Amino acid sequence: MTFKTAMEHYRAGTASPEERRMVEAELDKFRQISEYLDSSWQESAPPREPSRRELKRLRRNLRRRNAVLVLTSLVLAAALLFGVFRYAIPCLETSLYWDPNTVSYGTRLDTDLGLTLYAYGELFCPNMCVESVTATHTGFASYSILAESFSFPRGERRYGYASLEKGKLTFQEGFWEELSQVCVGNKRPKTNEWDVELLSQLPEYYQVGAFVTFREDLTMAQALDFRESLSQELELSSVAGFPACHWFAIRHQEQAFTLPCGISTGSISGRFPEMNGFYPCFDVDEACRALEEATGSRPDQASVYEEHFKSVLRFLNDRQQAGRGIQVPDSPNYYSDALAYVEEHGVNVYGCYITASPQFFLRLIQQENIQYISLYDAWLTLYN
């Protein structure tokens, strides 16, 4: 009898008692051998170490994952910084300090800074007209400013430089050409003999800039008539240059003036039509055109010029109060005080700035309504 035959009978359930004992004995032996082999394998088999190739692959995957994490972090940080510098800081900057490139009045040609410099120049500087202003951003609330102006008396362009640091506007020396208090003091009884002698010595081809003071203040209408009466004589008496009455000095206080102020008598050429919606008659030419179109008749120029002077003062005062303007040195209330004075006493002209030949001024001195003439500048003209 073989084990195979006994096993077949055991599985079929027909095994004899002897066959059953033989098969069960063998099965018991097999279980003991299997248990022994299993326990021996677990005790003797050491844990398998990864191969060099597997270690390289693991290190490569780890480096790749770390690189992705670092790159993602850098991209997120850069995006955050870009947002801060692109949006947050400029918003903070403009909310705290003056942005000179802001356009608040809808003007086609000028920023708020350009309008401010133009108005200040007209009020205090007969010799210059600010035409364009460029503000270059150089840092946080920091700007470099270049202003181009035109000198009508000399017929030449000039350039001035300034800086704006955290809302503080600083001008380089020579940026403005303001008339001094001495030049326009209205208490001198007559023209200085030295000025008369100098005028008589200057040749005809020289151009002279001088401040002329009237014996009595003129209304704006009278001042415009005076300018008109001079026009033809100025053209005939000056052989060169740009002879003209350029600027009216407006009385803005009773006592000695801290700084003389006035308005240009020339054309603004419709440069700021939008400003008239904020400050009436700020643009004289546009105001006259609109009034003539509305009424069908020539407007009262004197009223337009008077309102223009008040609007320039209001504009500069509003800019200063908002921390976006120019304060007159040592006179924080200059604009508001001047505006209050002319509102009470009217807009009266006590003098004007004229450029003409020396001979013209020698004749002008003889007129009864002229108190005195103060020479401001003289130059050899380049025009014929």
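Please treat every number below as a calculation from the coordinates, not as lab data. Small disclaimer: the values here were computed from a predicted structure and weren't measured. Virtual Cβ from ideal backbone geometry, glycine too; neighbours counted across all protein chains shown.
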For residue 298 and residue 142, compute 0.36 nm times the residue count separating them, minus their Cα-Cα distance, and round to one decimal in nm.
51.4 nm
Order by protection proxy (mean Cβ within 10 Å, highest first), peptides 74-80, 274-280:
274-280, 74-80
Rounded if a/c under 1.5, otherwise prolate or oblate - the range 107-154, Cα gyration tensor axes:
prolate
For the range 307-346 the translational diffusion coefficient, Stokes-Einstein from a Kirkwood Rh over Cα pairs at 4 °C and viscosity 1.567 mPa s, in µm²/s, is roughly 127 µm²/s
What nm value, rounded to one decimal, do you get for the distance between residue 228 and residue 27 when each label is placed 7 Å out toward the C-beta?
13.9 nm
The range 283-332: proportion of alpha-carbon pairs further apart than 15 angstrom, %
55 percent
Classify the range 258-381 as rounded, prolate or oblate, taking a ≥ b ≥ c as the square roots of the eigenvalues of its Cα gyration tensor: rounded when a/c is under 1.5, otherwise prolate if a/b is larger than b/c and oblate if not.
oblate
To the nearest 0.05, how large is the calculated FRET efficiency for residue 377 and residue 71 if R₀ is 45 Å and r is the Cβ-Cβ distance?
0.10
What order do you get for 120-128, 59-67, 334-342 when each peptide is scored by the mean count of other beta carbon atoms within 10 Å, highest first?
120-128, 334-342, 59-67
Just grab the label-to-label distance for residue 20 and residue 369, each label 7 Å out from Cα along the Cβ direction, in nm (one decimal).
15.3 nm
Sites residue 59 and residue 318 - FRET efficiency at Förster radius 51 Å, r taken between beta-carbons, to 0.05:
0.15
Subtracting the Cα-Cα distance from 0.36 nm times the residue separation, let me have the gained length for residue 362 to residue 38 in nm, one decimal.
103.4 nm
Going by average Cβ neighbours within 10 Å, how do the peptides 132-142, 343-353, 6-16 rank, with the highest at the top?
343-353, 132-142, 6-16
May I ask for the distance between the Cα centers of the range 331-384 and the range 105-162, given as a whole number of Å?
23 Å
On a full-extension model of 0.36 nm per residue, what is the gain between residue 290 and residue 101, subtracting their alpha-carbon distance, rounded to one decimal in nm?
65.1 nm
